[in-house]
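What follows is one structure encoded as structure tokens, with my remarks underneath.
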Amino acid sequence: MKGAMTFIMRRMANRPPEKPRLLSGGNPQIPKGDGDEPVQAYIEAMPGWKRDVGRHLDDLVVRTVPGVRKAVRWNSPFYGIEGNGWFLAFHCFTKYVKVSWLNGSSLDPLPPGESKHERVRYLDIHEDEELDEELLASWLGQAADLPGDDLF
């Protein structure tokens, strides 16, 4: 029995890691987790051009918001400030990446997408769309300074 178990363990160790399953719209299914590692796993699993958007957003958040807290919940990366709640999340859809500003109704200027939730505003990023880095950085700084959402 020991020889068979050793053989199985060696075969499993030599297998390439399984790619995350893509849900509807190409959104990666990533287990819930805290920290940078699950967020990077999500970003690396984003399909095609959306991966570059995810990398860009993550890099911009890290550069703009020192000490940002990261997590994956509900198959989406979340960004927040310890003790102040979550201020940003994003999610893949078929034709765009939806950026959710969880305290977006307090940002100036308002992000363009309305929500049924009073405090939330959205920004949809489509393929080959030029991003306004200065505006995004401004929103990030404002959002990080405001009370966020304590979803979990």
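Coordinate-derived values only; no laboratory data. Since the model is a prediction, treat every value here as computed from it, not as a measurement. Cβ placement follows ideal geometry from the backbone for every residue including glycine, while neighbour counts extend to all protein chains displayed.
The overall shape of region 30-152 is rounded: from the C-alpha gyration tensor, with semi-axes ordered a ≥ b ≥ c, the ratio a/c is less than 1.5. Report the residues of region 103-120 in range of a label on Trp74: point 7 Å along Cα→C-beta, backbone N strictly under 11 Å from it. Under 11 Å, as judged by backbone N against the label point of Trp74, lie 117 of region 103-120.
In a reduced charge model with +1 at each Lys and Arg Cβ and -1 at each Asp and Glu Cβ, region 33-145 shows a dipole moment near 480 debye about its Cα centre.
When the charge dipole of the chain is built from unit charges on Cβ atoms (+1 for Lys and Arg, -1 for Asp and Glu) and taken about the Cα centre, the candidate among Pro147, Phe78, Ser24 whose Cα reaches farthest toward its positive end is Ser24.
Among the helices of the chain, none built from whole DSSP H runs has Cα atoms reaching 24 Å or more along its own axis together with a mean Kyte-Doolittle hydropathy of at least 1.0. Only DSSP H runs of four or more residues enter the estimate; each adds -39500 (n - 2.57), and after division by the residues of the chain the mean residue ellipticity at 222 nm equals -11000 deg cm²/dmol. Length available on full extension from Asn84 to Glu37: 0.36 nm per residue minus the Cα-Cα distance, which gives 14.8 nm.
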